[in-house]
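As structure tokens, the structure follows; a few thoughts come after it.
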Amino acid sequence: MKKTGVVLGLLFCFISAAFDVYVAFLTQAISTLLVIFYCFVSSGVLFLAYTLLKDKASLLFRIKRDMPLVVLANVSVLFNWGGLFYALRYLEPAVVGVASVACGPALTLVISAFDKEGGRAGRIETVISYLVLLSVGIMLYNSFVGDSGISSNSQEQRVLGIVSVVVCALGTVLYTIVSKRLFSRAWAVHEILATRNILMIVLCVVLILNSGASFGVSSSLVVPMLILVVVGHLLPVYLIQKTIFHLSAIHVSLVLLTLPVFTLALQYLDSRVEFSAPSMVAIIIIVLLLGVLALYKVNEARRVRND
């Protein structure tokens, strides 16, 4: 179970890294709200149709019974994905990748303290989580002063990007915890995916109509949008949901720390991104911390077997 969760999580991280770089490039040419709208309408309609065809009565029963959790899942998705898209528009993709998931372990520990049904992390995991959080703070400060792979944005845009990535990190942790609660109440993966996008879609429609923008996409951007929606969004949302099913909240957050490694390797395909020493240093620190954690887990497992 845990090995399956780790493999699915790593696959999710690789695809998501490519997605982050692609979104950062695409949102320079098309409205961020429009990209978010089409991604979430497509996944929402697909999983809702499948769920209704499979067992409509079961879905309605679960929604009525667990309405507070469904609402919280929608809010978490709004924070997570909404923050991610806007952060990618204004910050270096590797910075977004680091900050959005590296905050996860520490935030998970804080939130899990109020979650009586959640597991408890060990001392080594706790120390590593807070060390990673410290490295994220240093990286975000470097982005604020313009010492990153993308330095052409204004200071106001950097602040918006930093706020967005912090909101994204909070949403990621909240969504992981809420999903585990839903799984414990017999929700299937497709049922969660069918109900979690409603708030995001409604808000996008309201904001797009209010701005006077069109829902249309130019013919030259139809194929890029299709690639983004199908490969970059539909597949990853399923993979991360299965990862959450197989792993505990703290372990999901730790597996997601590999996302910045893939993002750093792929981001230079975007000509806007220059080499960034601070980003490289942050990735190295995170990888070293994860290496320490892996060795600790191996030794712990050996001790258990020997006992």
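The values are calculated or read from the model by the stated rules, or taken from the named source; none is laboratory data. All of these numbers come straight from a predicted model, not from anything done at the bench. For neighbour counting, all protein chains shown are included, and Cβ atoms are generated from backbone atoms with ideal geometry for every residue, glycine included.
Values for this structure:
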| read-out | value |
| --- | --- |
| Residue within region 105-112 that is assigned to a loop (DSSP other than H, G, I, E, B) and modelled with pLDDT under 75 present | no |
| Single residue of region 149-170 satisfying the filter (hydroxyl-bearing (Ser, Thr, Tyr) and modelled with pLDDT under 80) that is nearest to Ala94 (Cα to Cα) | Ser151 |
| Conditions (1) touching a residue at least 12 places away in the same chain (Cβ under 8 Å); (2) of a type in the set (Gly, Ala, Ser); (3) closer than 17 Å to Leu33 by Cα; (4) surrounded by fewer than 18 Cβ atoms within 10 Å (Cβ to Cβ): number failed by Gly232 | (4) |
| Residue within region 22-29 that is surrounded by 17 or more Cβ atoms within 10 Å (Cβ to Cβ) and at pLDDT 85 or above present | no |
| Complete set of residues in region 6-21 that are modelled with pLDDT of 80 or more and in contact with a Leu (Cβ under 9 Å, 6 or more places away or on another chain) | Val6, Leu8, Gly9, Leu11, Phe12, Cys13, Phe14, Ile15, Ser16, Ala17, Ala18, Val21 |
| Qualifying helices (runs of 4 or more DSSP H) (wholly inside region 167-276; at least 2 residues being over 21 Å from the mean Cα position of the chain (by Cα) and under 20 Å from Asp20 (Cα atoms)) | 222-229 |
| Any pair with Cβ under 9 angstrom, 6 or more apart, that starts in region 202-225 at a residue that is over 14 Å from Thr32 (Cα atoms) and among the polar types (S, T, N, Q) and ends at one that is surrounded by 14 or more Cβ atoms within 10 Å (Cβ to Cβ) and modelled with pLDDT under 80 | Ser218/Ile30 |
